[in-house]
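A.B. asks: Got a structure here, written out as structure tokens. Questions coming.
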Amino acid sequence: MAIFARITRKLKSDKQRPAKLRRRNSEAPPNDRQEGINELGEREYSVWSDASTLVGTRDHTDMLHGLAHDGFDIVVERLNSQAGGVEQDVAELRRLHELSERNKTRFNEIPANIWRHITTFLDPADAAHLALTSRLFLEKLGNEPLDILNLPENRHYRIRFLNQMDAQLPLHLLCFPCGVYHRRTNIGNERPKIDYVHNPPFICPKSTSTVLPRMRLAHGRQLPYYFVQLATRRAAYSMHHGIKCDTLCRRWKDHGNGWTHQSLYMIHEGRLLLRMRSQIFAPPKLTVTAQRMLLYDRDDFKPFFSVCAHWRDGELMNVCKCALSHVPAPPESLLRQIRASPRAQDWVTKPNLMARQCEFCRPARRCPECPTEYLLEISIREDKHDPVNQFKHVLVATRWSDLGDGTSPTASKEWCAINGLKADYDSFSSVGRRAVAGTFESQMSGSIPGQRMISLNPKKTKRGEDEHGWY
Ligand SMILES: [Zn+2]
Ligand SMILES: [Zn+2]
Ligand SMILES: [Zn+2]
């Protein structure tokens, strides 16, 4: 009797509206609701009756949600969401149950072979999604869509299908060479190692026998793709899904060639941004051969600093050589000056030690084919190991890149563009007015680089490896 009295009191006070709906409506006025969104915040698709249908909206995830939520599953869902027993609106539940039974009968009236025929118009990933929409669909379609998805030639579809489960699997990570989720072995403590092949974040049977998706950071350093996944997953879902992007930042010196590198990461709008800053002491009056010795690794003929896949096509290396040519000579000793010129005025006048870069090498450069920007500067640093000339000029090569949202190394358009996997990226239209460098520096240091930005490859030439203009 007490429960019955409580139900009556509750119904009176709610004025026949469920408590959950009223709470949501009080937060957002009905006028703010978008067109086609119901009071539960779901988009409604009517499969059976009116014309607001599947025509023209080929968003399969929304479509399948519409099928499921308009059907019988909604009863269970509402029962779960309105846990608390006494607060359930009995009349509303009865109405939904009748609707669910009616739709279930209609679904059952369509033979299984027609449902199977419908799946032939979908790609393997969408067909598998449809089969797993509800128990009824699984009975109608059987395991066939999942078996098709498991075929080796459908690996890309399988990865797209599995990607949807990322939020539900914080302790696992999708391995792209295998196309399966592996259990993370060192949860929350994954750190980049130089030998990344033997230190994967999960136990993977293919880690030593396949080419792991990765990008070159600098000479001898790579960034495996799973760190992009971990950093973007943490930002997208929760702290249990990945690691902070700060833990990827590194500073190191390459003792074989004298370059020092610093990598810095940040998350912006769900995507991982990278800044690589590399520098080396630049002596004045270098010959062309000496410039090449300073810039290129003789093992693979790539620059020691960080570059995107299109560095050979544009003016990047010419800009580097031009910047090196502006390094001023250090002041000569007084004895040498007296020998060189008998005029006292020449001994007093000190040469300007600040390098003045020209109009060609001063501006920042943006690669037209990927979200990467470069800035080459000559500045002064202290050399603690040189007792005579403590302050020397250095060439500083800074690269900013957008590494994408971590969905997959073959689907993330930014990742594909910077690694040269796809050629359909137009950085000037995609990046927009605010450059990657501006976004990065405004959040990290509060100020954006003052240099104007021009194209790295204004003539859109394709030199590639065959032509030697880049060397
Ligand atoms: Zn694997
Ligand atoms: Zn110049
Ligand atoms: Zn590029």
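A.B. asks: Evaluate the following for D383: is it more than 30 Å from K413 (Cα to Cα), touching a residue at least 24 places away in the same chain (Cβ under 8 Å), surrounded by 11 or more Cβ atoms within 10 Å (Cβ to Cβ) and away from ligand 3 (no atom under 16 Å from the Cβ)?
C.D. replies: For D383, the condition - more than 30 Å from K413 (Cα to Cα), touching a residue at least 24 places away in the same chain (Cβ under 8 Å), surrounded by 11 or more Cβ atoms within 10 Å (Cβ to Cβ) and away from ligand 3 (no atom under 16 Å from the Cβ) - is met.
A.B. asks: For the stretch 284-340, enumerate the residues that are without any contact (Cβ under 8 Å) to a residue 12 or more places away in the chain, surrounded by 12 or more Cβ atoms within 10 Å (Cβ to Cβ) and β-branched (V, I, T).
C.D. replies: Within the stretch 284-340, just I338 meets the criteria.
A.B. asks: Within the stretch 156-186, can you find the residues that are touching a residue at least 60 places away in the same chain (Cβ under 8 Å) and away from ligand 1 (no atom under 13 Å from the Cβ)?
C.D. replies: Result: H156, R160, N163, Q164, D166, A167, P170, L171.
A.B. asks: Something else about it: Restricting to the stretch 308-322, and then to whatever is among the hydrophobic types (A, V, I, L, M, F, W, C) and more than 8 Å from ligand 3 (Cβ to nearest atom), can you tell me which residue is farthest from A290 (Cα to Cα)?
C.D. replies: My answer is L316.
A.B. asks: Could you check how many residues of the stretch 173-207 are part of a loop (DSSP other than H, G, I, E, B), aliphatic (A, V, I, L, M) and farther than 15 Å from R233 by Cβ?
C.D. replies: The number of residues fulfilling the criteria is 3.
A.B. asks: Quick test for you: out of L151, L169, pick the one residue that is surrounded by fewer than 17 Cβ atoms within 10 Å (Cβ to Cβ), more than 30 Å from W252 (Cβ to Cβ) and assigned by TED's automatic domain parsing to the domain that holds P213.
C.D. replies: One residue alone meets the criteria, L169.
A.B. asks: I've got another one for you. If I filter the stretch 406-429 down to residues being modelled with pLDDT under 85 and in contact with a strand residue (DSSP E or B) (Cβ under 9 Å, 6 or more places away or on another chain), which single residue comes out as surrounded by the most Cβ atoms within 10 Å (Cβ to Cβ)?
C.D. replies: Among those residues, the one meeting the criterion is S427.
A.B. asks: Quick test of your reading of the structure: R298 fulfils all but one of (1) among the charged types (D, E, K, R); (2) modelled with pLDDT of 90 or more; (3) not in a strand (DSSP E or B). Name the failing condition by number.
C.D. replies: Just one mismatch for R298, condition (2).
A.B. asks: Touching a strand residue (DSSP E or B) at 6+ places or on another chain (Cβ under 8 Å), more than 22 Å from P449 (Cα to Cα) and within 16 Å of ligand 2 (Cβ to nearest atom): does that describe P328?
C.D. replies: yes
A.B. asks: Is one or more of the residues making up the stretch 221-229 in contact (Cβ under 8 Å) with a residue 24 or more places away in the chain and over 14 Å from L403 (Cα atoms)?
C.D. replies: Among the residues of the stretch 221-229, at least one is in contact (Cβ under 8 Å) with a residue 24 or more places away in the chain and over 14 Å from L403 (Cα atoms), which makes the answer yes.
A.B. asks: Right, next: Being touching a Leu at 6+ places or on another chain (Cβ under 7 Å) and either at pLDDT 90 or above or over 21 Å from E359 (Cβ atoms) (or both) is the filter here, so list the residues in the stretch 308-323 that pass it.
C.D. replies: Within the stretch 308-323, V319, C320, A323 qualify.
A.B. asks: Only one of (1) free of Cβ contacts under 8 Å to residues at least 12 places away in the same chain; (2) more than 14 Å from ligand 2 (Cβ to nearest atom); (3) in the same structural domain as F440 (by TED's automatic domain parsing) fails for R343. Which number is that?
C.D. replies: Every listed condition holds for R343 apart from (3).
A.B. asks: Still on this structure, I have one more. Going through E359, E373, E369 one at a time, which residue ends up being modelled with pLDDT of 85 or more, within 15 Å of ligand 3 (Cβ to nearest atom) and either of a type in the set (G, A, S) or in a loop (DSSP other than H, G, I, E, B) (or both)?
C.D. replies: Result: E369 is the single residue among E359, E373, E369 that is modelled with pLDDT of 85 or more, within 15 Å of ligand 3 (Cβ to nearest atom) and either of a type in the set (G, A, S) or in a loop (DSSP other than H, G, I, E, B) (or both).
A.B. asks: So, one more: For the stretch 245-264, state whether one or more residues are in a loop (DSSP other than H, G, I, E, B), touching a residue at least 24 places away in the same chain (Cβ under 8 Å), not assigned by TED's automatic domain parsing to the domain that holds S442 and not acidic (D, E).
C.D. replies: no
A.B. asks: Name the residue, out of R191, R221, R214, that is in contact with a strand residue (DSSP E or B) (Cβ under 6 Å, 6 or more places away or on another chain) and either within 16 Å of ligand 2 (Cβ to nearest atom) or over 19 Å from D123 (Cα atoms) (or both).
C.D. replies: Only one candidate passes the filter, namely R214.
A.B. asks: Return the only residue of L230, L217, L223, L130 being under 28 Å from F107 (Cβ atoms), of a type in the set (A, V, I, L, M) and not in a loop (DSSP other than H, G, I, E, B).
C.D. replies: Unique residue meeting the criteria: L130.
The values are calculated or read from the model by the stated rules, or taken from the named source; none is laboratory data. Fair warning: this is a prediction, and the values are worked out from it, not measured in the lab. With ideal geometry, Cβ positions are generated from the backbone for all residues, glycine too; neighbour counts draw on all protein chains shown.
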